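Read through the structure below, which is laid out as structure tokens, and then see the notes.
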Amino acid sequence: MTVPGFRTYWAAATIGAFGSSVTVIAIQVLVVSVLDASATEVGLIRAVQLLPYLLLGLVVGALVDRMRRKPVLVWSNVLLAATLLVIPALWALDRLSLWAVAVVLFLFGTLNVIEFAALQSFLPRLVPRSELLAANARLDQSETVAQTTGPVVGGGLVSLLGAPWAVLVDAVSYLVSAVLIARVPIDEPPPRPTTTRLRQEIIEGVRWIYLHKTLAPLAWSTHVWFLGNSMAATVLVPFALRSLGLSPLTYGIALALAGVGGLLGALLATRLGHSYGAGRIVLLGRLLTMAAWAVVALAPAASAGVTLSSSFFAIAAGQLTLGLGMGVENANEMGYWQANTPDEVQGRVNATRRSANRTIAVAGAVVGGLLADLVGFRPTLWLAVAVFAVASAILALSPFRSARH
């Protein structure tokens, strides 16, 4: 891709994704092992990170649409770095506590809402709409690599430096991203004058999503997908480690195959999307996700006289298929959203979708946990498979199935 500035933008996004994947491990270890949080406290910390999406997502989207997006991106990255620096600073002063971490993560989540709304809305201004599929595929490829290798590096850094200091890696990555984005050459239009109220602009963004001929079914299908995926992902850890008897090492290896599948899918996404259309490829991704979790639900139990390797290969095959499905569909889904959304509502559309998806994911995690306790791991996984079937049916029975880039 020869679009001026895209390589710099791509580098910034890749560095940010790598830093964030390191921080995921560092924060988990910090909360559980260093600060000795209980299971309830771990759940509350997770909820605090997602709370800004519920409280501020719609408002942030409308505000981003009123501004130039490049400055918003630069300063949100700088502030994200500054927020993360609070954790090692408090640790050095012996003032770090769960309450302090919760406050930092709430601020971090708020800035993440702003950064994401600007990030997804900036790309259509930088890249011609005909190139959005290829651009999103490139971003997916590097993000998949970062998500696969980042936790490994993060674990090593936590072991070497300690969890509070490992967070510094992500802080530095945000600063580097800010510098790179500041160097992206782009002539953005001036902030649009507005006489409408913020509430009216929020409603306009919601209407654009849920009254659109093809975007509405895509949005509803994605919401249902997040419900099913959150249910299944919540059950996967205890199912694999307790019911199937996988060791943490073999479980980690199985999970890593999702990254391999995701990279393969991202490499194929552009060609498949142009050949068969966005609608068919996103639907294919949904069906692969359903198949992946069905394979996991069918994994033989070690206690049933089946060798442990059979359990491992079932989980591994499911994760590989899951990654492949997400890899082929994500770039096609994002490219279609960006190409078919007017520039003046990009911020609202992106923030609204992400807020809704994150809210539903929280609900899915709660539902998945409760169902697992009530009916067991396998029945809950099959219920998640049924949810994925509904997500697929929404697309298959809608005009989106014929959508093309």
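Some observations on this one:
- Checking the stretch 280-300 against the condition returns a match, with at least one residue being more than 14 Å from F226 (Cα to Cα), in a helix (DSSP H, G or I) and among the basic types (K, R).
- Conditions (1) within 30 Å of G364 (Cβ to Cβ); (2) in contact (Cβ under 8 Å) with a residue 24 or more places away in the chain; (3) aliphatic (A, V, I, L, M); number of the one not met by L85: (1)
- Residues of the stretch 75-128 that are surrounded by fewer than 19 Cβ atoms within 10 Å (Cβ to Cβ) and either under 19 Å from A13 (Cβ atoms) or in the same structural domain as T341 (by TED's automatic domain parsing) (or both): W75, V78, L79, R125, P128.
- V206 meets the conditions (1) part of a helix (DSSP H, G or I); (2) surrounded by 23 or more Cβ atoms within 10 Å (Cβ to Cβ); (3) not aromatic (F, W, Y) in every case but one. The failed one is (2).
- Set A89, A82, A62, A117: member being more than 30 Å from G265 (Cβ to Cβ), at pLDDT below 85, small (G, A, S) and out of contact with any strand residue (DSSP E or B) (no Cβ under 7 Å at 6 or more places or on another chain): A62
- Of all residues in the stretch 169-189, those satisfying the criterion of being in a helix (DSSP H, G or I) and modelled with pLDDT under 85 are V169, D170.
- Filtering L264, L249 for residues that are in a helix (DSSP H, G or I), at pLDDT below 85 and not assigned by TED's automatic domain parsing to the domain that holds N136 leaves a single hit, L249.
- Taking residues in the stretch 362-375 that are closer than 23 Å to P52 by Cα, and partners anywhere that are aliphatic (A, V, I, L, M) and at pLDDT below 80, the pairs with Cβ atoms closer than 6 Å and at least 6 places apart or on different chains are V362/L50.
- Check on Q346, in contact with a Pro (Cβ under 8 Å, 6 or more places away or on another chain), touching a residue at least 40 places away in the same chain (Cβ under 8 Å) and outside the structural domain of G57 (by TED's automatic domain parsing): yes
- Any hit, the stretch 339-359, residues being within 28 Å of P238 (Cα to Cα) and in a loop (DSSP other than H, G, I, E, B): no
- Flag if L395 is over 30 Å from V59 (Cα atoms) and not aromatic (F, W, Y): no
- Tally of residues being hydroxyl-bearing (S, T, Y) and either free of Cβ contacts under 8 Å to residues at least 40 places away in the same chain or surrounded by fewer than 21 Cβ atoms within 10 Å (Cβ to Cβ) (or both) across the stretch 209-226: 2
- None of G325, G335 is under 19 Å from A278 (Cβ atoms) and modelled with pLDDT of 90 or more except G325.
The values are calculated or read from the model by the stated rules, or taken from the named source; none is laboratory data. It should be emphasised that the depicted structure is a prediction, and the values quoted were computed from it without experimental measurement. Note that each Cβ is placed from the backbone with ideal geometry, even for glycine, and that neighbours are counted across all protein chains shown.
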